[in-house]
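What follows is a set of notes on a single structure, which appears directly below.
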Amino acid sequence: SPGVHAQDPYAAPRSALIAELRAQGDTDSGSFTRIDRDVLAVMGRVPRHAYVPAAERDYAYENRPLGIGYGQTISQPYVVALMTTLAQPRAGQKVLEVGTGSGYQAAVLAEFGVQVYTIEIVAPLATQARERLRGQRNITTRTGDGYYGWKEQAPFDAIVVTAAASSIPPPLLAQLKPGGRMVIPVGSSFFTQTLLLVQKDAGGRVRTRQVLPVRFVPLTGEH
Ligand code: SAM
């Protein structure tokens, strides 16, 4: 399993990356760009190099996105840290991820003891991630269009969307629990998008906050 490495040649660069993210999180100390220490601790344990193509492995601990094939990327570590912080995963919760990609974000979420349901639209990427994540009992993968969510497993305490939508997909909002949190980049495909934190209160009212300008690959599909 990628979670266990007796002798990890990447331990030092990974620690350096975590230190860099900690410093960045402290500098950007706005209430919505803060990064949780717990999240950094988890990212210090998950081997990002195991989620990238062999040719990219030596760059796995640079704070930038990397290509994973099929025109897709593994997100920048800072963005993973921020989205995970905003999602506030808590043990026992159910979390939906749209855009499995490499499987890295799902693996980070799973470390919090949540049940992760993750959907990927590009079949070969979904298959690869499924192989990689095999043995992680709290991650369930699916190939398909995540725009529609995962009805059978809804509602979710948190939804993390890792591809940019033109607006918040109504099915995802419907599948968010009262009290739940959705983190989603919204905007046009090729220009700057905005990372949104969408919170549904106990009464079902929705409040949206703009967190940060970001750049994600587009949410594709027929919708
Ligand atoms: N979370 C991923 C990781 O940790 O590697 C990063 C994924 S990448 C930034 C976004 C992914 O969303 C791509 O793999 C892309 O194929 C996928 N995607 C795009 N549209 C989708 C859709 N409608 N449903 C599911 N996945 C989608």
Classified through the alpha carbon gyration tensor (a ≥ b ≥ c as square roots of its eigenvalues; rounded if a/c is under 1.5, else prolate when a/b is larger than b/c, else oblate), segment 11-145 comes out oblate
With all protein chains present, the chain has a carbon and sulfur share of its accessible area (1.4 Å probe) in percent of 51 percent
Dipole check, the chain, charges on Cβ (K,R +1; D,E -1), about Cα centroid: among His49, Ser102, Leu82 the Cα furthest to the positive pole belongs to Leu82
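List the relative contact order of segment 11-214 as a percent without decimals, with contacts defined as Cα pairs under 8 Å and 6+ residues apart.
Values: 405 pairs, mean separation 28.8, N = 204.
Value for segment 11-214: 14 percent.
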Pseudo-spin-label distance Tyr59 to Asp201, built 7 Å along Cα→Cβ, given in nm, is 4.5 nm
For Gly180, the residues 5 or more places away or on another chain with a placed amide H closer than 5 Å to its own amide H are Lys200
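Kindly report the accessible area of segment 72-223 per residue (heavy atoms of protein chains, probe 1.4 Å, no ligands, DNA or RNA), in Å².
On the way: 6370 Å² over 152 residues.
So segment 72-223 comes to 42 Å² accessible per residue, rounded to a whole number.
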For Thr73, the accessible surface traced by a 1.4 Å probe with all protein chains present amounts, in square angstrom to the nearest 10, to 60 Å²
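The values are calculated or read from the model by the stated rules, or taken from the named source; none is laboratory data. Here the structure is a predicted model, which is why all the values come from computation and not from measurement. Backbone-built Cβ (ideal geometry, glycine too); neighbour counts: all protein chains shown. The protein model used for the area step is the full one, side chains on, heavy atoms only, and it has no ligands, DNA or RNA in it. Shrake-Rupley method; radii C 1.70, N 1.55, O 1.52, S 1.80 Å.
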